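The values are calculated or read from the model by the stated rules, or taken from the named source; none is laboratory data. Everything numeric here is computed off the predicted structure, so don't read it as measured data. Please note: Cβ atoms are built from the backbone with ideal geometry, for glycine as well, and neighbour counts cover all protein chains shown. Side chains are part of the model used for accessible areas, which takes the heavy atoms of the whole protein and leaves out ligands, DNA and RNA. Shrake-Rupley method; radii C 1.70, N 1.55, O 1.52, S 1.80 Å.
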Amino acid sequence: MIGASTVFPAAIGALFALLMLVGGAPLGMLAAGALAFAVYIITQPLRGLLLFCLLAPALPWMTITLGVRITTSEAILALTWVGVFCQWWSGKLPPWPDSPTERAMQRLLVWSVVPLVAGQFMVQAEGLGPVNWVRWLLNVSPVFLVPLLTPDQRTRDRLLLCLLLGFAGLLVISLGFFIKGRDARQMVPFLTALQYARPDAIQDIFGADPTRMASPWVHPNSTGGALLLGTPLGLFFAVIHRGWRRALGLFVAVGGAAGIVFSGSRGALLCMGLFVGWLAIKKTPYAGRGLLLALFLAAALLVIYPPAQQRFASLFSSNDVSTGVRFEEYLHFPESVARYPLGMGFKAETPATANGVYGISNLWLNYWYKLGLPGMLLFIAVTTAWWRQVRMPGDFKVIDESNAMRIATVGTVLAALATGFIDHYFSFTQVLISLFWLILAISLQTAKARP
């Protein structure tokens, strides 16, 4: 049998020669660079997963065009899967993951074909349903990539290090722009240069409340959700490491907490408090003191930072726009799902309030909206199976290398799920959900590795 090591150089050489003939030297050299990058990942797919961890947290929606416009993060995941298939061809990969969580996830993916087909006929939109469906599959695929490519503790440590470096990059960009000037619109040219789609929409989002910290995640609530994933990981990473790794973890933890406050994401801030409260209930060392310190710092921030005062006051205002929209969404949700009994599918994004069609700011109900009631129940089955595999009975009185990252990843997923009661961004938001499923997969692998 001809191996991948023989097929790829031959195919690349033929394609390079063709491009040189058709487009001349400039196109040929550009293609050569792109092909070299593809080979770099395909021959060692773990490199693709590590590169994804570096890029996705910091620049999630930087795009490239490959026939259709796709984020660079998703393109890297696609190349990683090509490498995985090539390794299977060569017999170098372990068997397909087959834990209860992964089996439940496979059932959810199989069911998604039904709303995909139904949505093509029932939804009046110009979107490419099959393309959006494939992109969603790529975004949830870390559930399977992590066990396939990080079977041992050493590779998982490399994965976590790259992930934290990615979150550190996000904080450097976001806090850098925030310190430079308090107007979020200053970031628009930067994101436009990175080929972010719809710069006009980005301008509108940043202009709606320019005092909230801008970030490459564009919407402040998405920024808060992303930082909610990184902050607990950074904290526990710092606990078990020394030197520059500890400094990295502390920067992500402290900077992430500050970023959540500056973004004005009330849901992320609330769920970060729930995470610390969970640690305190489990008698984790210093968690109680940390909770008191967090409350003190939050109170101090409310005194000295006027935008935080405004966001906090809006919680108790009957005129708060976002709260009013959420009540409207719940009021009209039965009517919305009745329009799409098998789910809205992937032809269009879940609609915001417009033309009598409402979205829903709830993680589970958004699954119902997109994938129908069976889709929501299958998602619940996935998270239930996950919890049965990763839960840790008893207290966390000792934190060391044997349990720190397990506590961090499990707690991070729980905090992310808690945001689902007030927002939907961990359901179908591109790239953000891939980070969610990545951390969930790490928690599973960490749990499997412990007796």
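Taking segment 67-121 on its own, how many of its residues are free of Cβ contacts under 8 Å to residues at least 40 places away in the same chain and polar (S, T, N, Q)?
Qualifying residue count, segment 67-121: 2.
Table: residues versus (1) modelled with pLDDT of 95 or more; (2) in a helix (DSSP H, G or I).
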residue: G119; (1), (2): no, yes
residue: Q124; (1), (2): no, no
residue: G127; (1), (2): no, no
residue: P130; (1), (2): no, yes
residue: R135; (1), (2): no, yes
residue: V146; (1), (2): yes, yes
residue: L159; (1), (2): yes, yes
residue: C162; (1), (2): yes, yes
residue: F167; (1), (2): yes, yes
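Taking the condition of being closer than 28 Å to G127 by Cβ, in a loop (DSSP other than H, G, I, E, B) and either in contact with a Phe, Trp or Tyr (Cβ under 8 Å, 6 or more places away or on another chain) or modelled with pLDDT under 65 (or both), how many residues in segment 303-344 meet it?
3
Looking at F236, F262, F206, F190, which is the one that is part of a helix (DSSP H, G or I), of a type in the set (F, W, Y) and within 22 Å of M405 (Cα to Cα)?
Of F236, F262, F206, F190, the one residue that is part of a helix (DSSP H, G or I), of a type in the set (F, W, Y) and within 22 Å of M405 (Cα to Cα) is F236.
Does R246 qualify as being in a helix (DSSP H, G or I), of a type in the set (K, R) and open to solvent by 10 Å² or more (accessible area, probe 1.4 Å)?
Criteria met by R246.
Given the conditions (1) open to solvent by less than 80 Å² (accessible area, probe 1.4 Å); (2) part of a helix (DSSP H, G or I); (3) over 23 Å from T383 (Cα atoms), which single one is not true for W89?
(1)
Inside segment 357-381, can you point out the residues that are over 30 Å from G249 (Cα atoms), hydrophobic (A, V, I, L, M, F, W, C) and in a helix (DSSP H, G or I)?
W364, L365, W368, L371, L373, M376, L377, L378, F379, I380, A381, listed by residue number.
I need a count of the residues in segment 195-235 that are free of Cβ contacts under 8 Å to residues at least 24 places away in the same chain, in contact with a Leu (Cβ under 8 Å, 6 or more places away or on another chain) and either crowded, with 24+ Cβ neighbours inside 10 Å or among the β-branched types (V, I, T) (or both).
Selection size over segment 195-235: 1.
Being in contact with a helix residue (DSSP H, G or I) (Cβ under 6 Å, 6 or more places away or on another chain), under 13 Å from L59 (Cα atoms) and surrounded by 14 or more Cβ atoms within 10 Å (Cβ to Cβ), is that true of even one residue in segment 181-188?
yes
Only residues that are surrounded by 14 or more Cβ atoms within 10 Å (Cβ to Cβ) and modelled with pLDDT under 70: list them for segment 272-300, please.
Hits for segment 272-300 are G288, G290, L291, A294, A298.
Going through segment 180-201 one residue at a time, which ones are more than 24 Å from the chain's Cα centre (by Cα) and among the acidic types (D, E)?
Residue satisfying the conditions is D183 alone.
So which of T412, T419, T429, T383 ends up being hydroxyl-bearing (S, T, Y), surrounded by fewer than 22 Cβ atoms within 10 Å (Cβ to Cβ) and within 20 Å of the chain's Cα centre (by Cα)?
T383
Would you check if L108 is part of a helix (DSSP H, G or I) and modelled with pLDDT under 55?
no
Could you tell me whether any residue of segment 202-218 is modelled with pLDDT of 90 or more and more than 22 Å from the chain's Cα centre (by Cα)?
yes
Report, by residue number, each residue of segment 63-78 that is more than 13 Å from L137 (Cβ to Cβ), among the aliphatic types (A, V, I, L, M) and touching a Pro at 6+ places or on another chain (Cβ under 8 Å).
none
Against the definition (in contact with a helix residue (DSSP H, G or I) (Cβ under 6 Å, 6 or more places away or on another chain), assigned to a helix (DSSP H, G or I), open to solvent by 30 Å² or more (accessible area, probe 1.4 Å) and closer than 24 Å to W437 by Cβ), how does L269 come out, yes or no?
Judged against the criteria, L269 is a match.
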